[in-house]
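Remarks on the structure that follows.
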């Protein structure tokens, strides 16, 4: 004979906590996506016209949700042109001064979705192989190939050790005297540097490189790699800027905004990839972002003539200081008058409210005359205090509340 469980028993009643949980509105929580399995790179994709493997096909929906990091228009302030332009002309970095071009966002998303390894020299985009070699990037951005094999930036990053490189030498060039490195989990080298510790010239280059070479959205600090690149530029050391751009492209597949949309569009167009009618195209605004921009990068004030002070200058300075002091005193009197008028309005409003509950009280003398004796003021204060100590139940409308 089969015995059924819970036979003849009443169903369990929900606990108070459970009942309360059912009645409570559940928040809309966004489901966190886990990482894509790297082993999917060995599996074939479902759409072989757009993706080289299954891994890139699974990454594509996540790339669509990312933002873009466009190359804005570089407009140098007048007081920074003599500092920055010589480095641009000497290194032939004319691409920093180019006007923003049209970007095909559909190409950009497919490009970075299929850029699954930083070691790739070509990226699969719609059955075409898009070259991402250093030579191709140099040709697109208009930089002549350098005959110098030595690259100071790459050499320091390759060693990546405090004992092999003096990182304090960077601070002596790009930072203020009281600057210090931010240390992280990697003990061999520093993590970054606060922007407030940079000189004006280094701050300008930090903003320029963060848009065109090493994309970054952090405005309060810079990485050690960016500080190293600024140091190489200011000390006139050889730098292969195309190699740094290529490395930035390879690292974006893990996280971050999609950088260089205009440059990627030129690379894909150079490979002969066909455009489609459904492609999302955008024109990067020419007017808008002006780099570098920050309060610390304002032009310096015009310096006065340094000479022996004359009696005329001393007289002018003293009259100016006296006028400013008188103006400040007048502003203080106006401020006190405003406070006095506000207090009178509040007193009249409270008196009106009290008259609806209690008999009208005598209005105290609030004049500023010095003829009032101290004894009379104490009596008035006691009467007002006793009246206000009564338990009152005030009801007033919304208009009365708005007057407070």
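Within the stretch 97-107, can you find the residues that are at pLDDT below 90 and either in a helix (DSSP H, G or I) or out of contact with any helix residue (DSSP H, G or I) (no Cβ under 9 Å at 6 or more places or on another chain) (or both)?
97, 99, listed by residue number.
Looking only at residues that are under 27 Å from residue 234 (Cβ atoms) and buried (at least 16 other Cβ atoms within 10 Å of the Cβ) in the stretch 88-111, which one is farthest from the chain's Cα centre (by Cα)?
Filtering first and then ranking leaves 91.
Sort out which residues of the stretch 251-264 are closer than 17 Å to residue 138 by Cβ and touching a strand residue (DSSP E or B) at 6+ places or on another chain (Cβ under 8 Å), and write them in order of number.
Of everything in the stretch 251-264, those that are closer than 17 Å to residue 138 by Cβ and touching a strand residue (DSSP E or B) at 6+ places or on another chain (Cβ under 8 Å) turn out to be 260, 262, 264.
Based on this model, can you work out whether residue 204 counts as surrounded by 14 or more Cβ atoms within 10 Å (Cβ to Cβ) and farther than 23 Å from residue 81 by Cβ?
Answer is no for this residue.
Tally up the residues in the stretch 41-67 that are closer than 30 Å to residue 207 by Cα, surrounded by fewer than 17 Cβ atoms within 10 Å (Cβ to Cβ) and touching a residue at least 60 places away in the same chain (Cβ under 8 Å), please.
2
Of the numbered conditions (1) in contact (Cβ under 8 Å) with a residue 40 or more places away in the chain; (2) over 25 Å from the mean Cα position of the chain (by Cα), residue 168 fails exactly one; give the number of that condition.
So the condition that residue 168 fails would be (1).
Please go through the stretch 178-223 and give me each residue that is part of a loop (DSSP other than H, G, I, E, B) and under 24 Å from residue 74 (Cβ atoms), ordered by number.
Hits for the stretch 178-223 are 199, 213, 214, 215, 216, 217, 218, 219, 220.
So residue 158 passes all but one of these: (1) touching a residue at least 12 places away in the same chain (Cβ under 8 Å); (2) surrounded by fewer than 12 Cβ atoms within 10 Å (Cβ to Cβ). Which condition number does it fail?
Just one mismatch for residue 158, condition (1).
The values are calculated or read from the model by the stated rules, or taken from the named source; none is laboratory data. Since this is a predicted model, take the numbers as computed values, not measurements. Positions of Cβ are generated from backbone atoms using ideal geometry, with glycine treated the same way; all protein chains shown enter the neighbour counts.
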